[in-house]
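Notes for the one structure printed next.
The values are calculated or read from the model by the stated rules, or taken from the named source; none is laboratory data. Values in this document were obtained by computation on a predicted structure and should not be read as measured data. Glycine gets a Cβ as well: all are built from the backbone with ideal geometry, and neighbour counts include every protein chain shown. Note: accessible area is taken over every heavy atom of the protein model, side chains too, but ligands, DNA and RNA are not part of it. Shrake-Rupley method; radii C 1.70, N 1.55, O 1.52, S 1.80 Å.
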Amino acid sequence: MGRSKDVSILHRDLPPVFLRWLVPALYLICVALICASLWEDYRRVELAEEVAQLVTEHKPAKVSDVEALLSHRLGARLNDYPSKDDPKHSYRSFQLVPRVWLTLLVEYETDSGNVVGVWMLYGSSESVSLESPRDDLRAVPAYVWFVAILPALVCSAVWLRVARSMEVSSWAKSAIAFLAALPLLMYMFGALIAYLRITM
């Protein structure tokens, strides 16, 4: 008797409160990750525009001038190596902060330290123009935030309403609950991509 009782405990159904809040909780997690990715896109554009404005306005002549001008935005020095095309030139790269996958690359004369060119890279290879950073970086339109948040709120509210209401028949409740949870598949896919973009 004791053994069968233990087995029945293992197969006990999940609490109704847990099931009721499971879908809204998943929506919340997905929306948080997607919005974090959108916020990183926004910060990337803002950072690129700030760096581009400082460099184009002050036109630093030496590498040390670039470092002094952007000291509050320069993170770790990533590389410092001679050019393969021109032995008289070298390259120095810095990670920009906040960390949003932007790198500053400075080409300079090896002996004198005079700056030959300054540009930014997004990721590892996409060049970002100092004249118009928004042309090379994806700016997030305001409506994208509503598209990411509003459907999740509506679907969560519908799910909670159906899970609490006892006025509709079981098949109707099941159909409405299915429709409210269906977009979660798309949200989970978007959240996975957002997570990879943020953490990689």
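What dipole magnitude, in Debye to the nearest 20, does the range 34-85 give about its Cα centre under +1 on Lys/Arg Cβ and -1 on Asp/Glu Cβ?
Values: 7 positive and 10 negative charges, 33 e Å.
So the dipole magnitude of the range 34-85 works out to roughly 160 debye.
Only Cα pairs under 8 Å and at least 6 apart count here; give the relative contact order of the range 114-200 as a rounded whole percent. Kindly include the intermediate steps, with their values, before the conclusion.
Working: 32 pairs, mean separation 13.6, N = 87.
The value is 16 percent.
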Relative to the longest principal axis of the C-alpha atoms of the chain, give the angle of the C-alpha long axis of helix 16-58, reported between 0 and 90° and rounded to the nearest 10°. 10 degrees
With a Förster distance of 25 angstrom and the Cβ-Cβ distance between LEU192 and SER129, calculated FRET efficiency to the nearest 0.05 equals 0.20
Using a 10 angstrom Cβ neighbour count of at most 16 plus a DSSP loop assignment to flag exposed GluC sites (Glu not before Pro), which longest range of the chain is free of such sites? 1-130
Excluding LEU179 itself, what net charge comes from residues whose Cβ is under 15 Å from its Cβ, given Lys and Arg +1 and Asp and Glu -1? +2
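Average the reciprocal distances over every distinct pair of alpha-carbons in the range 90-200, invert the result, and give the Kirkwood radius in Å.
Mean inverse Cα-Cα distance, inverted, gives 18.4 Å.
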For Cα extents along the principal axes in Å, calculated from these coordinates, the label among [x] 64, 60, 36; [y] 86, 44, 28; [z] 58, 33, 23: [y]
For labels at ASP65 and ILE29 in the simple 7 Å Cα→Cβ model, what's the distance in nm? 5.3 nm
Percent of accessible area on the chain owned by carbon and sulfur, 1.4 Å probe? 65 percent
In the range 67-110, the trypsin sites (Lys or Arg not before Pro) that sit in a DSSP loop and have at most 15 other Cβ atoms within 10 Å of their own Cβ are LYS84, LYS88, ARG99
How far, in degrees from 0 to 90, does helix 170-181 lean away from the longest principal axis of the Cα atoms of the chain, to the nearest 10? 10 degrees
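Considering only the other residues whose Cβ falls under 11 Å of the Cβ of LEU38, what net charge follows from Lys and Arg at +1 and Asp and Glu at -1?
Counting the neighbours of LEU38, the net charge comes to +2.
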The summed charge of the SER129 Cβ neighbourhood (under 10 Å; Lys/Arg +1, Asp/Glu -1) stands at -2
Evaluate the charge dipole of the chain about its Cα centre and quote only its size in Debye, nearest 20, assuming +1 on the Cβ of each Lys and Arg and -1 on the Cβ of each Asp and Glu. 1420 debye
